[in-house]
1. Could you list, in sequence order, all residues of the stretch 17-73 that are aromatic (Phe, Trp, Tyr) and either out of contact with any strand residue (DSSP E or B) (no Cβ under 9 Å at 6 or more places or on another chain) or assigned to a strand (DSSP E or B) (or both)?
2. Just checking, which of ILE107, ILE38, ILE8, ILE54 is over 21 Å from LEU164 (Cβ atoms), modelled with pLDDT of 95 or more, surrounded by 15 or more Cβ atoms within 10 Å (Cβ to Cβ) and among the hydrophobic types (A, V, I, L, M, F, W, C)?
3. If you scan the stretch 68-88, which residues turn out to be modelled with pLDDT of 85 or more and surrounded by fewer than 19 Cβ atoms within 10 Å (Cβ to Cβ)?
4. How many residues are more than 20 Å from HIS41 (Cβ to Cβ) and either surrounded by 19 or more Cβ atoms within 10 Å (Cβ to Cβ) or under 12 Å from the mean Cα position of the chain (by Cα) (or both) if we restrict to the stretch 156-182?
5. Which of the residues that make up the stretch 130-149 are surrounded by fewer than 21 Cβ atoms within 10 Å (Cβ to Cβ) and touching a Phe, Trp or Tyr at 6+ places or on another chain (Cβ under 9 Å)?
6. Would you mind stating whether VAL163 is in contact with a strand residue (DSSP E or B) (Cβ under 8 Å, 6 or more places away or on another chain), among the β-branched types (Val, Ile, Thr) and free of Cβ contacts under 8 Å to residues at least 60 places away in the same chain?
Amino acid sequence: MVAAKKKIMTARDIDRSLNRIALQIMERNRGEKNIAIIGIHTGGVYLAQRLQKIIKTREKVTLPMGSLDITLYRDDWSLASQSPVVKKTDVSFSIEGYTLILVDDVIFSGRTIRAALDAIMDFGRPCFIQLAVLVDRGGRELPIQPDYVGMPVAVENNQHVHVLLKEYTGKNEVILETFFKGPSQ
């Protein structure tokens, strides 16, 4: 397979999208006192931290934040690996009565979000759950839609979206990778 890569978001685009999402979250939940942010490992956690910081700077309020590992909640985890790598879930506040902003880097089939909803319910019952994603690549298999989107992009079956964040890659960009069959394939 041969791959072509195209940068579809720069660091500036990511920052602009996160600022817009933070503003939309605060506008939609105006007057709501119990708002918290939960990021899905791995990219969603870093984006959730950035959103928390933006909201703190703009609104002068620090929203509670947690991280969620959904590995063992996935309906396909046994297909992906016989030895799944489980990351740390950290929800150190009661979610009862909260509006939770669930954050992930990319939404595709909806299966990650379904797994995250199952995981959250093990912590209690929030009032509302809203979904924020940096990239919506379409292709849903489940009826799950984000409330806040940084960038929608139409992605074909032979394409993959890579969100690279400085916290774990040293870069801040979103790459669309297209795979082509090589001459010998």
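The values are calculated or read from the model by the stated rules, or taken from the named source; none is laboratory data. For clarity, every value in this text was computed on a predicted model and none was experimentally measured. Heads up, the Cβs are rebuilt from the backbone with ideal geometry, glycines too, and the neighbour counts pull from every protein chain shown.
1. The one that is aromatic (Phe, Trp, Tyr) and either out of contact with any strand residue (DSSP E or B) (no Cβ under 9 Å at 6 or more places or on another chain) or assigned to a strand (DSSP E or B) (or both): TYR73.
2. ILE38
3. THR71
4. 1
5. GLN130, ARG137, GLY138, GLY139, ARG140, GLU141
6. No: the conditions fail for VAL163.
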